[in-house]
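The values are calculated or read from the model by the stated rules, or taken from the named source; none is laboratory data. The structure presented is a predicted model; accordingly, all values stated were derived computationally and were not measured. Cβ coordinates were reconstructed from backbone atoms using ideal geometry, including for glycine residues, and neighbour counts include every protein chain displayed.
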Amino acid sequence: MTMQPGMPMPAPKKSVLPMIAIACFVVGALLVGFFVWRIVVTAPHTPQPIESGRVELKEEGLTIYSSVPVLTPPCKAQDADGNDVPLKRETGSETITINGNSWYVVARSAQTVPAGVYSISCTDDETSATYAAGPKSSVVAFVLSILGAIFSFLVFAGLGIVFLIIWAVRRSRRNRPAQPGAPGNYPPPGHPQQPNYNFPPPQPYNPGPNPDRPEDR
């Protein structure tokens, strides 16, 4: 399309890259907030000692800890109605450290039990272990929540920055002034950089004497 003098310049198209960058930042902030909430929820809490025989769980699940590793957890649990709560031995080696104290997971409830008051008794004549109990917790879920928060921030913040850089580069190129003499950008007549094509007028033609015409001699 050839622009005629006096015609208005077409309005530049608005880029969607800034909106995409903002959307990446918003999504990243939401995901980071979600994983921070998960970190708080899944963070290990100090278990309650069971010397008194009664433990109040404010969250579902029952986990029994010991201060030293034990092979067979000598513990029994009952709910508030006096019903036995089946326990299963922890086959792994899950440990939590809170305030410098290490607690070893020795047993969990076979089925997820609701929050409430439970009676727990541990009879251990072989070790000097101290036993405690708390709600269901998982170190794996806690670690995954931390990694999720970190990767969500890095991925979506990085994408937003990349889109902003691309948008800034394109805008800079679009606003760059055109160089005189570039294809399609010739300066108007009379411009100081317009080349001068005014050649001197040709000299009149003089054929000279014709040998076939004596009168020209």
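Inside the range 127-149, can you point out the residues that are among the hydrophobic types (A, V, I, L, M, F, W, C), surrounded by 12 or more Cβ atoms within 10 Å (Cβ to Cβ) and in a helix (DSSP H, G or I)?
139, 141, 142, 143, 144, 146, 149
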Selected residue (criterion: nearest to residue 59 (Cα to Cα)) from residues of the range 98-137 that are among the hydrophobic types (A, V, I, L, M, F, W, C) and in contact with a Gly (Cβ under 9 Å, 6 or more places away or on another chain): 115
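Show me the strands (runs of 3 or more DSSP E) found entirely inside the range 64-119 where at least 2 residues are outside the structural domain of residue 53 (by TED's automatic domain parsing) and farther than 14 Å from residue 49 by Cα.
It comes to none.
Being within 19 Å of residue 158 (Cβ to Cβ) and touching a helix residue (DSSP H, G or I) at 6+ places or on another chain (Cβ under 8 Å) is the filter here, so list the residues in the range 11-22 that pass it.
17, 18, 20, 21, 22 - these are the residues of the range 11-22 that are within 19 Å of residue 158 (Cβ to Cβ) and touching a helix residue (DSSP H, G or I) at 6+ places or on another chain (Cβ under 8 Å).
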From 124, 81, residue being of a type in the set (Asp, Glu) and surrounded by 13 or more Cβ atoms within 10 Å (Cβ to Cβ): 124
Residue match in the range 47-66 (condition: among the basic types (Lys, Arg), at pLDDT below 90 and within 30 Å of residue 157 (Cα to Cα)): no
